[in-house]
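Notes follow the structure.
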Amino acid sequence: MSELRRDPLLRRWVIIAPERRADLVERRLGRTHHVQEIPCPFCPGNEHMNPEEIYVARVPQTSQYPNGWAVRITPDRKPLLRVEGVVERRGVGLFDLMSATGAHELVTDTPEHDAHWADFDLQQMGRVLSSYRLRYNDLRNDRRFRHVVIMKNYGAPWSRYLHQHSHIVAMPFIPRRIDDEFIGAKDYYQLKERCVFCDALRQEEAREERIVAANDDFVALIPFASGFPFETWILPRRHMPDFGAMSDRELPALAAIFQETMAKLRTTLHDPHFSLALHSGPLNGEKAEEFHWHWELIPHLSGELGMEWATGVYFNPIAPEDAAACLRNGQPIS
Ligand SMILES: [Zn+2]
Ligand SMILES: [Zn+2]
Ligand SMILES: [Zn+2]
């Protein structure tokens, strides 16, 4: 049974999940779960293997959508956090524990087993993003949760399913990495009475050198001090602390910039594995008006993490300006 433990020195919560032990053992033995998953539980025709539906984007039946769904959201079959029960907090001596209460939903991004996001048409990309927004806004009403993260790991060795998918996880705490951003945004706002993201967007657009793609409502850029080579952020131009506040008018523009960024990434880096995460404001009416939601994406290129683990200091062998130029031009790196 999973539980949450708080590190009293680093002030962060850790999910201790013995249910995932088998995954670790399988990986060490070089066997992966997906090899065994035949037939695929996320492909059309196999819905009975994964029957409980949280949300389904229905579409007319076509050869592309043989069972009349375009996006399907189901409970993760091995959830990191469980939706049942109240959040119980207790102390054991100096240590703090919390029940692993939360939500862990699995999004089947497309009925097509291995369609890349870069190949999605804008309608399908829009359906995925609108499904995210819908679940985000639903989970925020649950008073037990303080943060919702949306993540995708494409091709990552730790990914448990081969079918194109993403995760929505609601947590009863604000993760340390996100809280650091809230604190940074608040500090900057107190000093200047302006949003650090809005200021950075204006400056980056004027200089152009770190811009990857832009449209009327969104900008994709490589951050000035990015810790990972080709780390890319997608930000709305309009100041919004909360992803759930994105309008229907803005949604197609987000779909377009995602599709364009994914296509550039795939060409430039030869179809890299990547991780993608939404950073959005806190739930529960906690105010973070200084925050500005965004997506962060890192391609998995080097796998070198010794220095980062040892010190928290990142080293990046590619200047963000050079990375942006490669992606902007859509040229394969050599
Ligand atoms: Zn499949
Ligand atoms: Zn802003
Ligand atoms: Zn962020």
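Tabulated results
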quantity: Rg over Rh, two decimals, segment 69-169 (C-alpha only, Kirkwood Rh); calculated: 1.05
quantity: Equivalent ellipsoid semi-axes - Cα gyration tensor, segment 94-221, angstrom; calculated: 28, 26, 14
quantity: Principal semi-axes in Å for segment 1-103 [√(5λ), Cα gyration tensor, largest first]; calculated: 36, 19, 10
quantity: Taking the chain and dividing mean pair separation by its residue count, relative contact order in percent (alpha carbons under 8 Å, at least six apart); calculated: 16
quantity: Hydrodynamic radius by Kirkwood, which averages 1/r over all alpha carbon pairs of segment 199-319, in angstrom; calculated: 15.6
quantity: Relative contact order computed over segment 21-97 (Cα-Cα under 8 Å; 6+ residues apart), in percent; calculated: 17
quantity: Whole-Hz ³J(HN,Hα) from phi, Karplus 6.51 cos²θ - 1.76 cosθ + 1.60, for segment 225-234, glycine and proline x; calculated: 10, 5, x, 10, x, 6, 4, 10, 10, 10
quantity: Cβ-defined net charge surrounding Val86, 15 Å radius [Lys, Arg +1; Asp, Glu -1]; calculated: +2
quantity: P(r), alpha carbons of the chain - 20 Å bins starting at zero, rounded %; calculated: 28, 62, 10
quantity: Per residue accessible area in Å² of the chain, where ligands, DNA and RNA are left out and the probe is 1.4 Å; calculated: 50
quantity: Sulfur and carbon atoms: percent of accessible area, the chain [1.4 Å]; calculated: 54
quantity: Lysine pair count for the chain [Cα-Cα under 19 Å; pairs on different chains or 8 or more apart]; calculated: 4
quantity: Pairwise Cα inverse-distance average, inverted: Kirkwood Rh of segment 221-270 (Å); calculated: 12.5
quantity: Cα-centre dipole for segment 265-334 with unit charges at Cβ (Lys and Arg positive, Asp and Glu negative), debye to 20; calculated: 220
quantity: Total charge dipole magnitude, the chain, about the Cα centre, Cβ charges on Lys, Arg, Asp, Glu only, Debye to nearest 20; calculated: 860
quantity: Ranked by how many other beta carbons lie within 10 Å on average, peptides 168-176, 13-21 from highest; calculated: 168-176, 13-21
quantity: Relative contact order (%) - criterion: Cα under 8 Å, at least six apart; region: segment 1-156; calculated: 20
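The values are calculated or read from the model by the stated rules, or taken from the named source; none is laboratory data. Note that the structure is a prediction, hence the values are computed from the model and not measured. Positions of Cβ are generated from backbone atoms using ideal geometry, with glycine treated the same way; all protein chains shown enter the neighbour counts. The protein model used for the area step is the full one, side chains on, heavy atoms only, and it has no ligands, DNA or RNA in it. Shrake-Rupley method; radii C 1.70, N 1.55, O 1.52, S 1.80 Å.
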